[in-house]
1. What does the charge count around Val225 come to, taking other residues whose C-beta lies under 10 Å from its C-beta (Lys +1, Arg +1, Asp -1, Glu -1)?
2. Applying 1/(1 + (r/R0)^6) with R0 = 60 Å to the Cβ-Cβ distance of Glu97 and Ala459, what FRET efficiency is obtained, to the nearest 0.05?
3. For region 398-408, in order, what is each residue's ³J(HN,Hα) by Karplus, 6.51 cos²θ - 1.76 cosθ + 1.60 with θ = phi - 60°, in whole Hz (x at glycine and Pro)?
4. How large a share of the accessible area of region 314-460, in percent, is made up of carbon and sulfur atoms when the probe is 1.4 Å and the other protein chains stay in place?
5. Could you state how much accessible area Lys281 has, in square angstrom rounded to the nearest 10, with a 1.4 Å probe and all protein chains kept in place?
6. Considering amide H positions built from the backbone, and no H for Pro or chain starts, which residues 5 or more places from His266, or on another chain, come under 5 Å of its amide H?
7. Hey, can you list the DSSP H helices of the chain whose Cα span along the axis is 20 Å or longer and whose average Kyte-Doolittle score is at least -1.0?
8. Using r as the Cβ-Cβ distance of Arg490 and Thr578, and R0 as 45 Å, what FRET efficiency do you calculate, to the nearest 0.05?
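The values are calculated or read from the model by the stated rules, or taken from the named source; none is laboratory data. Note that the structure is predicted; figures quoted are calculated from it, not measured. Reconstructed Cβ throughout: ideal geometry from the backbone, glycine too, with neighbour counts over all protein chains shown. Accessible surface areas use protein heavy atoms only, side chains included; no ligands, DNA or RNA. Shrake-Rupley method; radii C 1.70, N 1.55, O 1.52, S 1.80 Å.
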Amino acid sequence: MADAPLWEPASARAAATRLAAFRSFVGDRGVTGVESYEDLHTWTVRDPAAFWSAVWDFCAVPGDRGSDRVIVPVEPFWKTRFFPDARLNVAEALLREPGDDVAIAFAREDGLRRVLTRADLHALVARVQQGLRAAGVGPGDRVAAWMPNAPETYALMLGAASIGAVFSSTSPDFGVEGVVDRFGQIAPTVLVAADAYVYNGKRFDCGERLREICARLPSVRTVVVLPYVDAAPPLPDVPGAVAWSDWLAPHDGARPVEFARLPFDHPWYVLFSSGTTGTPKCIVHRAGGVLLKHLSEQQLQCDVGPGDRVCYFTTAGWMMWNWLASVLASGATLVAYDGSPAYPTRTALFDLADEMGITLFGTSARFLDELRKAGERPVATHALRTVRTIASTGSPLLPDGFDYVYDAVKADVHLASISGGTDLCGCLVGGDPTGPVWAGEIQRPSPGLAVDVVGPDGASLPPGARGELVCRNPFPSIPLGLWDDPDDARFVATYFARFPGCWHQGDYAEWTPHGGAVIHGRSDATLNPGGVRIGTAEITRQVETVDGIADSLVIGQEWQGDTRVVLFVVMAPGRALTPEVEAEIRTRVRTSASPRHVPSRIVAVPDLPRTRSNKLSELAVRDVVHGRPVANTEALANPDALTYFADLEELRS
């Protein structure tokens, strides 16, 4: 382990953060002893009502608190109510006041650029609101978007939220089955889709798929098509389909947006699990809870405030889209990028950072790793003067990735590795803009959350011991439940059954001596050779330091009454898996992890399957290796890759 941090903020920078301002804010309310992040976190867990009340006030959430009641404990603990008497509207919180400051700066990979001021966005949302009302949409109805990461997608969400409709989205790269598996469960009445989208220099038409989707969604009464790529595309052969401009035309000059003040727990979003083990779960998220959770993460942990420009590379099919939308509530500009992150060059997003003056640059661990392996050095080719924070999520960022950022991207930057999920639409562990960054570590538990690492018996584990990541107390963004789960049986089984009284995240993790966390992978993919639990990331983090390895995935293969470790590698172009490379892998894993981590078999494959949010699908590979059917290949971005793992000669002995 490194004996020095990679980065620490200068004292003046730390003092100027939103986190420091929040400490002063609660200090003025009589809270003492919160000079460090650790002390502040202890207070937020000890007095969560005071903390979440302070977040509401510090972040200037519009609405009516109704009473002084902040938390009403209920058993089981996940039914605990936050702000039970409050009324608010999340669209009002995100839109703020109309004005000339930029709300959304949009960039597409082919060079298209658009800017919407707060006034522009207000006007567009007002028209969308009237269009939805004219379509008969009211509180609780579902509005679905099969859309790119475009300004209209955000406007549609805000228009739906303004009247209390429930919004759900997925990206246009999803096929027919993937869309129907998701939207078919929640029965939307309005579906908005793009005519086409662009990715990696290519155009992909959506018309024929839209026709098939609509034929299988009988609840949809209104279909709106956005001319996203072509100026005037022909409408698909869908009954009642209308172009976006024609849908909004009757509402030109519409009156200002009207915000329906709704209960804190009114549903805002339905998000979907990846679906790699079956039909995707529909996770229903409450409006006030997600808003407060995002505000606490973005302002306190990522230092987002008025005047900032925040870009997170995402699609409308990943929870980071919802997270990105919330930056509007902090007075920041949302920078929406649509397309490939590596088109026309691998550094296209850094070009955008310089062009747009991005202050928070959000990406994935895989993207940073691909840049590292390609030898890209943005520090030498880009100014990146405005970038204060680089956030990374999607999978664990390995120590080499941390080293790469500080060596090859920017030396004076807050690198915030964050981890949470669609399940809570937020983070359990994340950044601290006032504290040091250590290689391979997520800095801190999120404020207000009693995050813990526990053993099989639910007892807390000390630093260095690996176990299950849980949260021991209620928090505002615990979902309302799963769709069509009236007795909450699936909800409880998914998150609460294994460790009663805790939220069980499903990650295998450990605390570090610095108070940070290391995520070792999903616990449902954890290996168990000889009865010893091993996180898959413990192995891949060593493998990917070996020269010539482009990507890797580990599973446990059932073998002779036990489990053996099987490593799959994708070799870099022009490289081969030679006996010498295999020997180096085994030596690296043995010396840096342990002999038990050493793979029994190493197999080279052309590609590895990933979900549409770019996460490796270890479970799908495990099923194929064992001759079991993969429950839902539509959840994968590259399902053809599964063919490489069927009936492998190397795994028969």
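1. Numbers: positive: none; negative: Asp195, Asp246.
Taking every Cβ under 10 Å from that of Val225, the sum is -2.
2. On the way: r = 50 Å, r/R0 = 0.84.
My answer for the efficiency is 0.75.
3. For region 398-408, the Karplus-derived couplings read 6, x, 4, x, 4, 4, 4, 4, 6, 8, 10 Hz, x marking Gly and Pro.
4. Working: 1960 of 3860 Å².
Here it works out to 51 percent.
5. Near enough 50 Å² of accessible area.
6. Ala287, Gly288
7. Values: long enough: 118-134 (24 Å, -0.04).
Flagged H segments are 118-134.
8. Working: r = 48 Å, r/R0 = 1.06.
Once the sixth-power term is evaluated, E becomes 0.40.
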